[in-house]
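The values are calculated or read from the model by the stated rules, or taken from the named source; none is laboratory data. All figures in this text were calculated on a predicted structure; none of them were measured in a lab. As a convention, Cβ positions derive from the backbone with ideal geometry for all residues, glycine included, and neighbour counts pool all protein chains shown.
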Amino acid sequence: MKRLPSYAALEKAAAERILIIDGAMGTMIQRHKPTEEMYRGERFANWPQDVKGNNELLSLTQPKIIQDIHEQYFAAGADIAETNTFGAQAISQADYGMQELSYEMNLASARLARKAADAWTKKTPEQPRFVAGAIGPTNMTASISPKVDDPSFRRITFDELREAYKEQVRGLIDGGCDIILIETIFDTLNAKAAGYATLEVFDEKDIELPIMISGTITDEAGRTLTGQTPTAFWYSMRHLRPFSIGLNCALGAEKMRPHIAELAMVAETRISAYPNAGLPNAMGEYDETPHDMACMIEPWAHDGLVNIVGGCCGSTPEHIAHIVDHVKASQPRKIPQAEPKMRLSGLEPFVAG
């Protein structure tokens, strides 16, 4: 199974410095105040239902907006751009009746990010830029019943998730992604379906890309929505041999630190962290300034907890530029060697021996 040259370039860059992943896509899209007509464009002018809010559609109808966002993040110093594909699989797109467009959305989104990354790599060959194909959790859960009177009920199966993710991964790879990023994981079973699908597509195409895994802690108790601790989450996902494991979204930097520190203690791979710009206020907006957010992330880098940092909801190129400045003097976390033991996980981790 072949690896792209970018795989080695990414590993080299990660060994030399803390890498920077970009910030929020949705926050930047909202700066343009897109209307229903903008989402539709000419091609979907007569679509039979509303499509406003379908950010992934903008890669087809407003590609300049999406490419400009990637350009702004690279200009701010980001090493890695996430494609505009968080919900670009058939399961989430069914809300808009656009499930048949999944492959095309992923292909187009990856190409937009690829174009921006290649342009910036040419400008700064000493700092190559990379494209991470963003795979979100979908709007369904494989582990939790939505019916309080029927705990066994599921709206989706593992294989349905797997097939939807396979189509998405094919589009991302065909569009030129360097990395597959399975992110904002609230249900580890969904993530396992995404990981399984990714490996299947690697086999289909005889290619191997680095896989980044990023979960989300939903409250201060320090667990995912389906109840796992960070360590248990890592034990559940380590079979994928990911390039990195980490957390994003949900919590701001201040509240995320203890959970990142826990992962840094146990994971024998790189650690990523891209928190929200604080917690949303009463209007659903994020108040943490670029300087404040960067000052909270800086100690993570100084204390050797992270290898990849950036921003999630509410963050902007301004936030990323400040983070770049605040972590550039720190060395990336050294990856520990794990003693061979049986490591199992339910909601809690279990180590035998």
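Observations on the structure shown:
- Among residues of region 81-97 that are at positive phi and among the small types (G, A, S), those with a beta-carbon under 9 Å from a residue that is part of a loop (DSSP other than H, G, I, E, B) and surrounded by fewer than 24 Cβ atoms within 10 Å (Cβ to Cβ) at least six positions away or on a different chain give the pairs G97/W47; G97/P48; G97/Q49; G97/V51.
- Candidates in region 214-259 are the residues that are within 28 Å of D178 (Cβ to Cβ) and basic (K, R); of these, the one that is surrounded by the fewest Cβ atoms within 10 Å (Cβ to Cβ) is R241.
- The one condition from (1) surrounded by 12 or more Cβ atoms within 10 Å (Cβ to Cβ); (2) part of a loop (DSSP other than H, G, I, E, B); (3) of a type outside the set (A, V, I, L, M); (4) free of Cβ contacts under 8 Å to residues at least 60 places away in the same chain that P299 does not meet is (2).
- Unique residue being touching a residue at least 12 places away in the same chain (Cβ under 8 Å), over 30 Å from K12 (Cα atoms), surrounded by fewer than 17 Cβ atoms within 10 Å (Cβ to Cβ) and β-branched (V, I, T) when the list is T141, T157: T157
- Within the set D118, D22, the sole residue that is among the charged types (D, E, K, R) and in contact (Cβ under 8 Å) with a residue 24 or more places away in the chain turns out to be D22.
- Residue match in region 45-59 (condition: part of a helix (DSSP H, G or I), of a type in the set (G, A, S) and surrounded by 14 or more Cβ atoms within 10 Å (Cβ to Cβ)): yes
- In region 267-292, the residue that is farthest from the chain's Cα centre (by Cα) out of those that are surrounded by 18 or more Cβ atoms within 10 Å (Cβ to Cβ) and within 27 Å of K12 (Cα to Cα) is A267.
- Only one of the listed residues (Y165, Y196) is crowded, with 24+ Cβ neighbours inside 10 Å, hydroxyl-bearing (S, T, Y) and in a helix (DSSP H, G or I). That residue is Y165.
- Residues (in contact with a strand residue (DSSP E or B) (Cβ under 6 Å, 6 or more places away or on another chain) and either among the acidic types (D, E) or farther than 19 Å from D22 by Cα (or both)) located in region 42-93: D79, E82
- Candidates T224, T188, T218 - the one that is within 21 Å of S244 (Cβ to Cβ), out of contact with any helix residue (DSSP H, G or I) (no Cβ under 9 Å at 6 or more places or on another chain) and not aliphatic (A, V, I, L, M): T218
- Of the residues making up region 199-210, one or more are among the β-branched types (V, I, T), surrounded by fewer than 24 Cβ atoms within 10 Å (Cβ to Cβ) and under 21 Å from E82 (Cβ atoms).
- For I260, the conditions (1) over 21 Å from F130 (Cα atoms); (2) aliphatic (A, V, I, L, M); (3) not in a helix (DSSP H, G or I) all hold with the exception of (3).
- Residue match in region 282-294 (condition: without any contact (Cβ under 8 Å) to a residue 40 or more places away in the chain, more than 26 Å from Q72 (Cβ to Cβ), in a helix (DSSP H, G or I) and charged (D, E, K, R)): no
- Residue within region 229-242 that is outside any helix (DSSP H, G or I), of a type in the set (D, E, K, R) and within 23 Å of C313 (Cβ to Cβ) present: no
- Within region 113-135, restricting attention to residues that are closer than 24 Å to L199 by Cα and of a type outside the set (K, R), the residue that is surrounded by the most Cβ atoms within 10 Å (Cβ to Cβ) is A113.
- The residues on offer are E348, E318, E339, and the sole one that is free of Cβ contacts under 8 Å to residues at least 12 places away in the same chain and among the acidic types (D, E) is E339.
- Flag for I211 being within 16 Å of the chain's Cα centre (by Cα) and under 16 Å from E348 (Cβ atoms): no
- Single condition E37 does not satisfy, out of (1) of a type outside the set (F, W, Y); (2) within 19 Å of the chain's Cα centre (by Cα); (3) assigned to a helix (DSSP H, G or I): (2)
- Yes/no for P340 being more than 21 Å from I29 (Cα to Cα), over 16 Å from the mean Cα position of the chain (by Cα) and modelled with pLDDT under 95: yes
- For the condition of a type in the set (A, V, I, L, M) and outside any helix (DSSP H, G or I), I173 does not qualify.
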